[in-house]
Amino acid sequence: MMRAWILPLLLVLCGSAIGGLTYTSSPGTAAVFLSAFLVLAAVHSPLIFPRSIGVAEAQRRSAVDGRPVVYWRPGCKYCIRLRIRLGRSARRLHWVDIWRDPEGAAAVRAANDGNETVPTVVVAGLPHTNPHPEWVREQLSSRA
């Protein structure tokens, strides 16, 4: 759990340090720096992703409703891109954080020649590494 929050915490600390150093000479600049670092921290935190579930539960749910399973990890720019580009429909997918679920990490390694490459989206039992967000949206709508 803590591993997922390291980058966001570092971003907040850096923003605070830079903001603190520039505050005396330019409070406006300090506010801009702090705001920018807070936005970066929020984007790289697990907060923008739907609640992660375990791989066994994700596979069970996917078998029942046919929706894709997305394996991801916090701080991954491709995972963030996928999540943001999917918008509200991202909540309809089954998300597995590979840093919190060792079985999920093993499933990703099995699908990617031993690499933990994310996002890996499993649709109907077939893994797709870093697919285009529009393709994922099409897969989701075809299974609705």
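Numerical summary
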| read-out | value |
| --- | --- |
| Condition check for residue 108: outside the structural domain of residue 9 (by TED's automatic domain parsing), among the hydrophobic types (A, V, I, L, M, F, W, C) and without any contact (Cβ under 8 Å) to a residue 60 or more places away in the chain | yes |
| Hey, residue 54 touching a helix residue (DSSP H, G or I) at 6+ places or on another chain (Cβ under 9 Å), assigned by TED's automatic domain parsing to the domain that holds residue 118 and more than 22 Å from residue 108 (Cβ to Cβ) or not | no |
| Candidates 90, 107, 31, filtered to the one that is of a type in the set (Gly, Ala, Ser) and touching a Lys or Arg at 6+ places or on another chain (Cβ under 8 Å) | 90 |
| Considering residues of the stretch 117-135 that are out of contact with any strand residue (DSSP E or B) (no Cβ under 6 Å at 6 or more places or on another chain) and not aromatic (Phe, Trp, Tyr) only, the residue nearest to residue 95 (Cα to Cα) | 123 |
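Residues are listed down the side, and each one gets a yes or a no for (1) touching a strand residue (DSSP E or B) at 6+ places or on another chain (Cβ under 9 Å); (2) modelled with pLDDT of 85 or more; (3) among the small types (Gly, Ala, Ser):
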{"site": "1", "(1), (2), (3)": "no, no, no"}
{"site": "5", "(1), (2), (3)": "no, no, no"}
{"site": "8", "(1), (2), (3)": "no, yes, no"}
{"site": "11", "(1), (2), (3)": "no, yes, no"}
{"site": "25", "(1), (2), (3)": "no, yes, yes"}
{"site": "30", "(1), (2), (3)": "no, yes, yes"}
{"site": "34", "(1), (2), (3)": "no, yes, no"}
{"site": "38", "(1), (2), (3)": "no, yes, no"}
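The values are calculated or read from the model by the stated rules, or taken from the named source; none is laboratory data. Predicted model, so just to flag it, every value in this text is computed and none were measured. Methodologically, a virtual Cβ is constructed for each residue, glycine included, from the backbone with ideal geometry; neighbour enumeration extends over all protein chains shown.
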